[in-house]
Amino acid sequence: MGGDQIDLSWEAAANVPGSIYRIYWDMGQGYNMYTLKTSVGQPRFSESGLRPSTVYRYLITTFDGKSESHPQAVAVKTHSWLLLPLLRVTAPKDSRIPLTETLTPPPATPIPQAVPQRSEVALGLMGTNDYLDDLGNLHVVGEVHNDMNYNVDRIRVRITFYDESGDVVEESTSSTLLDLLVPGQRTPFVILWEDAGEWERFSLRATGRRTTARPDEGVTVVHSYARLDDAGLYHVVGTLRNDGSNTAYYVRVVVSLYDALGKISNANFAHAQPPRIAPGMTASFDCIFEYYTYRAEHLVQLAR
């Protein structure tokens, strides 16, 4: 590995069988703003394509299908392309999810070879919603639309906050909840600004890259419906079925909520249970929202 890659590993959550680990990151921006990066079924995560000699901050939580643990923070600095010795950092013992971060030395010839880059394209934005939660965290929710005539992936949303004078106060880049879109498809995104400061307005820019990759096929949504629980939480629950010939693993269910006027109000995701869906078998999902609008409608999409 070179200076563009990191490996994270941590102890598996005790007494939480079938748990999922959610990984949030700050994109290496250095601001106190984290967006959902991905989720994994094993206590490890690797990422490449990062900037050398840059500090990346991550939050890792355990999700058991109903509740999410308190996040464990870890900061990782990618090394330069110079050869470095093995470095191992362990989180404090009192952390709820002990983390271990490992950086391995680069190969004998650490200079990366030039790789042709696919051109970046601008994607359409379909509207946003923003709200503050009880902790003072700002949530910006929106949708990106693929109005190209080809598939796109590596979708990113850049948000910039301005004050009354038009000066930039915060910037961040977020991944969307679906990372591959076919022509005409849309995906939600959620950007979280913890303990948000003062701002007057924000701007957004969505980009992606042309790809020949295609979405996984076989798993379909049989039905879905919404309900409120006794605590006032909004649930979108349903059933999936694997109509394909291959076993599906860790299917992610992305749910978008819309208000009575059809504007997106919130978005979240859940993983199908059980995490392994053999051909012909079914699985269930339960996506939970604390914030929702009256008479909300929902859209369910799948990703793996």
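What follows is calculated from the coordinates using simple rules that are stated; it is not laboratory data. A quick note: this is a predicted structure, and the numbers were derived from the prediction, not measured. Heads up, the Cβs are rebuilt from the backbone with ideal geometry, glycines too, and the neighbour counts pull from every protein chain shown.
Of the GluC sites (Glu not before Pro) found in the stretch 202-304, the ones in coil according to DSSP and having at most 16 other Cβ atoms within 10 Å of their Cβ are Glu217, Glu290. Straight-line reach from Lys77: taking Cα to Cα under 12 Å and skipping same-chain neighbours fewer than 8 places apart, the aspartates and glutamates in range are Asp4, Asp7, Glu101.
Shown is the FRET efficiency for Val222 and Lys263, computed with R0 = 41 Å from the Cβ-Cβ distance and rounded to the nearest 0.05: 0.90. In this label model, Asp147 and Met281 are separated by 4.3 nm, measuring between points 7 Å along each Cα→Cβ vector. If you take the alpha carbon atoms of the stretch 219-303 and fit the smallest convex hull around them, that volume is 83 Å³ per residue.
Could you compute Rg(Cα) / (2.2 N^0.38 Å) for the stretch 120-210, with N its residue count?
Scaled against compact globular proteins, the figure is 1.13.
At an R0 of 35 angstrom, the distance between the Cβ atoms of Asp195 and Ala231 translates into a FRET efficiency of 0.90. In this label model, Arg209 and Arg51 are separated by 1.7 nm, measuring between points 7 Å along each Cα→Cβ vector.
By per-residue mean of other Cβ atoms within 10 Å, what is the highest-first order of 142-152, 170-180, 230-240?
170-180, 142-152, 230-240
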